[in-house]
Amino acid sequence: MTWEEANREFVNYLRIERSLSNNSVNAYDNDLQKLKQYIEISKKNISPLEVQHKDLQEFLGWINSLGLCARSQARIISGIRTFYRYLLLNNIIDTDPTKLIESPRIGRKLPVVLSVEEIDNLLAAIDLSTPEGRRNKAMLETLYSCGLRVSELIDLRLNNIYYEKEFIRVIGKGNKERLVPISQKALNDIKNYLPDRNSLLSKIDQESENIVFLNKNGKKLTRVTVFIIIKRLANKIGLKKQISPHTFRHSFATHLIDGGADLRAVQEMLGHESIMTTEIYTHLDSDYLRSAILQFHPRA
């Protein structure tokens, strides 16, 4: 199997069997291209099936010499590991050369989180006298109320909003579906925005006809547009924190856990495969931890 054949089949596997997004597929593709590049540079005349543990150890030294940060190196190693697990799963290789490879240790970076007051201030800064303002209010209320990824927000469909039951159906990573509660406030803001959306019916194309949040041309919003909207609001109220659409998701999870929500319930709502991903939101302050010890520990 040549590198080109392996790459093509791996990409097809990621797209068809794992249903990954184009961004994710491209990231894995780039990881594998890095390994191929090293093999060519080092003049090792070997196919991907002939790569051994020692080759990968040398590859790690090479990507480290490129000056990549630990997080970037870990990302590349994760992609290479996924490739060889795919080969193993399909009986193309007998042993996994990545089995004993260790990723560089990376510190766990706590996400930027907004307070409830800061979120209220951002939403209050929206001009509700315009169609775009009413859309932005509904959009950001939904983003915060449901803890959505920005891709899930811009893909939200009209027929996936259940007003009476106060739930929305979300299509997450890998086309996995989940039901997420939505606040009455967010639902009311969506209802207030819908007449503006309906005024665009003559412009809406077939691809966007069921999408909730549209631009003035009747097209689905882009991730960049949502990012710009949030940045402009932050500048408008003089917010110094560096925020993005994902900040609303971080804030949603943190506020739930701080309020006493069960970690597994938050995991379900966020659509995390592993609860370890959700645990980052349990960064409780030292005062709370101390009060918990004083209240419950037998030696307190």
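The values are calculated or read from the model by the stated rules, or taken from the named source; none is laboratory data. All figures in this text were calculated on a predicted structure; none of them were measured in a lab. Don't worry about glycine lacking a Cβ; one is built from the backbone with ideal geometry, like all the others, and counts go over all protein chains shown. Please note that ligands, DNA and RNA were not included when accessible areas were found on the heavy atoms of the full protein model with its side chains. Shrake-Rupley method; radii C 1.70, N 1.55, O 1.52, S 1.80 Å.
By the rule of a C-alpha distance below 19 Å, with chain neighbours fewer than 8 residues away ignored, the aspartates and glutamates paired with Lys36 are Glu4, Glu5, Glu9, Glu50, Asp55, Glu58, Asp96.
Neighbours of Thr130 by Cβ distance under 15 Å: Lys/Arg scored +1, Asp/Glu scored -1, total +3.
A simple count of charges around Arg149, restricted to other residues whose Cβ falls under 13 Å of its Cβ and scoring Lys, Arg +1 and Asp, Glu -1, yields +3.
With every protein chain left in place, what is the accessible area per residue of the chain in square angstrom, probe 1.4 Å? Walk me through the intermediate numbers first.
Values: 17290 Å² over 300 residues.
Per-residue accessible area for the chain comes out at 58 Å².
Going through the range 44-127, which GluC sites (Glu not before Pro) have at most 10 other Cβ atoms within 10 Å and a DSSP loop state? Display every interim value, and only then the final one.
Numbers: sites: Glu50, Glu58, Glu102, Glu117, Glu118; in loops: Glu102.
Hits after loop and neighbour filter: Glu102.
Is it possible to state the helix-based mean residue ellipticity at 222 nm for the chain, with each DSSP H run of 4+ residues giving -39500 (n - 2.57), the sum divided by total residues, to the nearest 500 deg cm²/dmol? What is it? Don't skip to the answer; put the middle values down first.
On the way: 13 runs with 159 residues, N = 300.
Computed ellipticity for the chain at 222 nm equals -16500 deg cm²/dmol.
Residues Glu152, Glu132, Glu209 ordered from highest to lowest accessible area at a 1.4 Å probe: Glu209, Glu132, Glu152.
Looking at the range 2-41, none of the chymotrypsin sites (Phe, Trp or Tyr not before Pro) sits in a DSSP loop with at most 16 other Cβ atoms within 10 Å of its own Cβ.
In the chain, the longest principal axis of the Cα atoms and the axis of helix 184-198 are about 90 degrees apart.
With R₀ fixed at 30 Å, the C-beta to C-beta distance from Ser115 to Gln206 puts the FRET efficiency at about 0.10.
When the Cα positions of Leu256, Ile77, Val112 are compared along the charge dipole of the chain, Val112 comes out farthest toward the positive end, with charges on each C-beta of Lys, Arg, Asp and Glu.
Quick check: with the 1.4 Å probe, what order do Asp127, Asp31, Asp196 take by accessible area, largest first?
Sorted by accessible area, descending: Asp127, Asp196, Asp31.
For the range 190-252, the Cβ-based charge dipole about the Cα centre amounts to some 420 debye (Lys, Arg positive; Asp, Glu negative; other atoms uncharged). Between 0 and 90 degrees, the angle of helix 22-41 with respect to the longest Cα principal axis of the chain falls at about 20 degrees. Placing dummy labels 7 Å off each Cα toward the beta-carbon, the span from Glu58 to Asn91 is 3.2 nm. Helix 223-236 and the long axis of the chain differ in direction by around 50°, with both axes built from C-alpha atoms.
Pick from Ile171, Ile39, Ile243: which residue has the top mean-square fluctuation in a GNM of the chain where Cα pairs under 10 Å get a spring? Maximum fluctuation in the GNM of the chain, among the listed residues, is at Ile39.
Across Ser202, Ser47, the residue with the most accessible area heads the list, and the full order at a 1.4 Å probe is Ser202, Ser47.
Set the bar at 30 Å for Cα to Cα. Now go through Lys165/Lys219; Lys34/Lys240; Lys185/Lys236; Lys173/Lys219 and name every pair that lies beyond it. Each step should come with its number before you reach the end.
Numbers: Lys165/Lys219 28 Å; Lys34/Lys240 37 Å; Lys185/Lys236 23 Å; Lys173/Lys219 22 Å.
From Lys165/Lys219; Lys34/Lys240; Lys185/Lys236; Lys173/Lys219, over 30 Å: Lys34/Lys240.
Around the Cα centre of the chain, unit charges on the Cβ atoms of Lys, Arg, Asp and Glu (plus for the first two, minus for the last two) sum to a dipole of about 580 debye.
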